[in-house]
Protein chains: 6
Amino acid sequence: MTSSPISRFPVPSRDQLDPRLRERYADVEERSGFLPNVFGALAWRPAEAEAFFALHDALMDKETPGLSKADRELVVVATSAANDCLYCVVAHGAIARIRARDPYLADQVAVDWRKAPLSDRVHAVLDVAVRLALRPAEVTAADLSTLRGHGLTEDDVWDVGAIVSLFALSNRLAHWAAIPPNEEFFLLGRLPRD
Amino acid sequence: MTSSPISRFPVPSRDQLDPRLRERYADVEERSGFLPNVFGALAWRPAEAEAFFALHDALMDKETPGLSKADRELVVVATSAANDCLYCVVAHGAIARIRARDPYLADQVAVDWRKAPLSDRVHAVLDVAVRLALRPAEVTAADLSTLRGHGLTEDDVWDVGAIVSLFALSNRLAHWAAIPPNEEFFLLGRLPRD
Amino acid sequence: MTSSPISRFPVPSRDQLDPRLRERYADVEERSGFLPNVFGALAWRPAEAEAFFALHDALMDKETPGLSKADRELVVVATSAANDCLYCVVAHGAIARIRARDPYLADQVAVDWRKAPLSDRVHAVLDVAVRLALRPAEVTAADLSTLRGHGLTEDDVWDVGAIVSLFALSNRLAHWAAIPPNEEFFLLGRLPRD
Amino acid sequence: MTSSPISRFPVPSRDQLDPRLRERYADVEERSGFLPNVFGALAWRPAEAEAFFALHDALMDKETPGLSKADRELVVVATSAANDCLYCVVAHGAIARIRARDPYLADQVAVDWRKAPLSDRVHAVLDVAVRLALRPAEVTAADLSTLRGHGLTEDDVWDVGAIVSLFALSNRLAHWAAIPPNEEFFLLGRLPRD
Amino acid sequence: MTSSPISRFPVPSRDQLDPRLRERYADVEERSGFLPNVFGALAWRPAEAEAFFALHDALMDKETPGLSKADRELVVVATSAANDCLYCVVAHGAIARIRARDPYLADQVAVDWRKAPLSDRVHAVLDVAVRLALRPAEVTAADLSTLRGHGLTEDDVWDVGAIVSLFALSNRLAHWAAIPPNEEFFLLGRLPRD
Amino acid sequence: MTSSPISRFPVPSRDQLDPRLRERYADVEERSGFLPNVFGALAWRPAEAEAFFALHDALMDKETPGLSKADRELVVVATSAANDCLYCVVAHGAIARIRARDPYLADQVAVDWRKAPLSDRVHAVLDVAVRLALRPAEVTAADLSTLRGHGLTEDDVWDVGAIVSLFALSNRLAHWAAIPPNEEFFLLGRLPRD
């Protein structure tokens, strides 16, 4: 783990962790091999941390025919890139590489989602997602219908909007606290079998 | 309450409410005299609703010397106006009028916060808040120092960023679901003693 | 009337008023119960004031099937909001509420005209009006044809463009002189019968 | 005079001219050798034409130490170029060449006022003028003070804002009606002694 | 030739010229009657100057049914105006006037190409050219097909993109070095037979 | 090498290569182990390819105290990211990782150069470079002085502007031809010793 600060705000040490967070953090660290910096950076505000992770899990840990886990990560990558958020582009880029079993797609989506090799469905999802991220008033009822036309259910459509919204929050908080991605994320999913 | 739909997504009737939300919603309705539409629109997703209200309460129900409840509402009004979010401008404009005991300030901030009659401190808060809302990568460490120079504590500074971030989420979800403000909000706080 | 200054430039007292303006100002004040600040702020330049009011009356005091007085006020509200002009949003919002006999529509149009409950005709008018206000070179002959397709006459179409143009002037002058709306405007048209 | 249409709206022939305009138009034509198209395009709306010319004359036909006639034309050229208005750039570019006795300055200001060979005073005027034209809410009291610091009187400062405002109107009307500049304007002031 | 500096960087005198450039420069000066300032400004970097002129000649000195020399100059004028580049607008505006044998078209394209009197083909070319200049990621395969639909060959289509690209370079270098157009360019092609 | 097309335009096979390019291409391929796609995509236009590589080599293959090879690559990465150019971000990101011997810096600069761990000198270089890439008219003489104040020589300062300019060209051509980065680039420089 990097030794430079992971936040502009106080970061509790592991034994100062609020009891509500302790188990979850230990669990994440065990599964991933490291604790993503956003966990550390949110820890001084346990109620906010809990709520943030609840939103994350409700929206991201879900695999549906209309919106796979990999698709959801690409929504995060595309909109976080639109917001110039290093933490989210690198961390969720890594997860997207793993979920999509593709070492290139996350970078392609981060830099130029329009020309990325995507299905029409995912291209339509990213089109409206990036619009909602950058110019939310320009999203119309017709945009939601387009997504339904590509096979997204009502739940999937809500999820697209809610994921963009959650990372509108997350990107700004990461900018505000200057949270860097863990070094591990940069390489994850780039090699044949990691 | 208006009879037109309050969301593009399903809205459970009061007796279909998830038990986790039932008491809170009854409570809000009793205190306010009506249930703000955002409660109804989020109800079909109870876990997300709970997390959203937890974030809201952690950040908005707090009065500090550096950032009063009224100031927090003005952050919401200014950034929601920058995002063209009718629900948040009207609902939080009403709360801002009540909290600030000023029938004009919310409209002044919503349309042109730069020329609104604000203290230097609140003007500085809104300046960086609107920047974080619209061009988050342009916020610098120097911006946070400026806020500390105006007397905000470390907690207050975090709260500014976290409030902007929460309403970056909220504004986009309100656009996505097309949630209208309740009619009651339009007039609240405009008359001498309501 | 507010006791804070109504302009960054000199404001003649009522008895210093240029004779050309005196009668009109007395008349307006009698009808409205107060003198809108823009009258006071323009008074030190009588020729400009006269010309401005002539343009205003030629374009705004006209009721046609294709463009009612209420519609004209909504054009002012939508484009003035796009220009962040507090004076025009609040003053013409009040007039729009009265003309449209609707206490909500002006705020809906000011914050997010795209989702406001408008006829297709008025929605099309505001669409091209806001474009003309913000990116005038992008308005095409096809835009004017669209308005004719919604039943606007040639005179109505001219009026849409001329109203947007007049308030492009008015918004900038109000910003330049920092003219605040009179407090009376904030509440006008919000209560059942005022 | 060009034979292509000078407006998307009706253009009265000279003998159909409203009596209020007839003498002025004959006079302009005699002095200039041709009738600028904006006169023809406005003629079907005599009250608006009169008011427009009154504003024009009140603001443009004035020579002060702080803001010469040539300076005023440069304000028009710079802001009209920012609005992509061909009529105003070409017509007022011609007048600026004549007033400033400089065959290059108008083109320099139209394309890149920042690097044009201007005095510090005129550079400061154009800086705030272009801001008022494009992002009016960002103009502050400090901007007006800066102009006073360059020797502009209170009247001159008002005039800067009012000229920008008038041409915010004029540019949009010229786009709306698609008024082309007369061919004569393109060459005026470019040759040693015309 | 103007006596003010033609670059912010060193400008070799004619007898200091690199041998690779000497003949070309003498040749240009003889044909044109003056040496365009961009030649002088690039001379201190002979390898870059040679490469730049090679690209220029490969793309601009070509007359095809789908993209005439005049059309190519209009691409330069429109995109250079979008980049506020005085040198390229004035110098290539002059060449465009000569190539198109039209004293007005270059100014029309520079200020408002959308309403310029162009064929549908050239209008389509400028539409995608200006997009590529300003928002390159928004250009799609469909845009290139549109150009083919207007009769451009594969070579012509490449040339459109390559010309825009070359002047994206040229505009920025002219801004960086502050290269002014030679005074001769301002008048070229404006008089009946020059 | 990828089997999907490397350009929207014809790509000569190796034995069809223009003699001027053949040796260089063989040489590059031998040194790198693969032929970067931009070489293939430019090959059908040998004169342009030659000139492009001449510009590249003149500006990028130079190590000075004020602007190292690694710094030059970071200028390319930052401005290409601002232009959403996948080819240049990925290819020059790889070279930057190798030149800077840092597996993280290129991604940090591509997504959010403002918060990347850079020296004040390189931060100042990227600040003006990105401005020149996106809003070239806003670059001033003072910006160039700032760079000199950070120790850049006159040659270094020119190089900053010329590199930005060259990749303004390159980014647009890569978008126009839809040139994908070779897969090899994605991983280069990310592992301890490659």
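In segment F:119-194, which trypsin sites (Lys or Arg not before Pro) are in a loop and have at most 16 other Cβ atoms within 10 Å, using DSSP for the loop call? Please list the in-between numbers first.
On the way: sites: F:R121, F:R131, F:R148, F:R172, F:R190, F:R193; in loops: F:R190, F:R193.
Answer by residue number: F:R193.
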As I understand it, the value is the acute angle between the Cα axis of helix E:154-177 and the longest principal axis of the Cα atoms of chain E; what does it come to in degrees, rounded to 10?
40
GNM of chain E, Cα pairs under 10 angstrom: of E:D61, E:D15, E:D156, the biggest fluctuation goes to E:D15
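With viscosity set to 1.567 mPa s at 4 °C, what whole-number translational diffusion coefficient in µm²/s follows for segment B:130-181 from Stokes-Einstein and a Kirkwood radius over Cα pairs?
Numbers: Rh = 12.3 Å.
The calculation lands on 106 µm²/s.
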Rounded to 10°, Cα long-axis angle of helix E:120-134 versus longest principal axis of chain E:
60
Can you give the three extents of the C-alpha atoms in segment E:1-72 along their principal axes, from longest to shortest, in whole Å?
41, 25, 23
Using the Cα atoms of chain C to build a convex hull, what is its mean projected area in square nanometres?
10.9
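Could you tell me whether the protein assembly as shown comes out rounded, prolate or oblate from its Cα gyration tensor? Rule is a ≥ b ≥ c as square roots of the eigenvalues, rounded for a/c under 1.5, then prolate if a/b exceeds b/c, otherwise oblate. Before the final figure, lay out each step's value.
Values: a/c = 1.71, a/b = 1.00, b/c = 1.71.
Oblate, since a/c reaches 1.5 and b/c is not below a/b.
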Return the calculated 222 nm mean residue ellipticity for chain B, to the nearest 500 deg cm²/dmol, obtained by summing -39500 (n - 2.57) across DSSP H runs with n ≥ 4 and dividing by the residue count.
-20000 deg cm²/dmol
Could you give the radius of gyration (one decimal) and Dmax (whole number) of the Cα atoms in segment E:80-172, in Å?
12.9, 35
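At R0 = 35 Å, how high is the FRET efficiency between D:D155 and C:E154 if r is their beta carbon distance? Nearest 0.05 is fine.
Given R0 = 35 Å and the Cβ-Cβ separation, E is 0.30.
Quick one: compute the contact order of chain C, relative version, from alpha carbon pairs under 8 angstrom and 6+ residues apart, as a percent. Show your work: numbers first, answer last.
Values: 238 pairs, mean separation 57.9, N = 194.
Relative contact order here is 30 percent.
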Proximal aspartates and glutamates to D:K62, defined as alpha-carbon separation beneath 13 angstrom and excluding residues fewer than eight positions away on the same chain:
D:D71, D:E73, D:D155, D:D156, D:D159
Under a Gaussian network model of chain C whose springs join Cα atoms within less than 10 Å, the largest fluctuation of C:P136, C:P19, C:P36 belongs to C:P19
Among the lysines, which have Cα under 24 Å from the Cα of A:K69 when same-chain residues fewer than 8 positions away are ignored?
A:K115
Give me the angle, in degrees from 0 to 90, between the Cα long axis of helix C:69-82 and the longest principal axis of the Cα atoms of chain C, rounded to the nearest 10.
80
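For F:H123 and F:D61, compute 0.36 nm times the residue count separating them, minus their Cα-Cα distance, and round to one decimal in nm. Don't skip to the answer; put the middle values down first.
On the way: separation 62, 0.36 × 62 = 22.32 nm, distance 2.10 nm.
So the extension gain works out to 20.2 nm.
A short reminder: the numbers here are calculations on the coordinates, not readings from a lab. Given the structure is predicted, the values throughout are model-derived calculations rather than measurements. We place every Cβ from the backbone using ideal geometry, glycine too, and count neighbours over all the protein chains shown.
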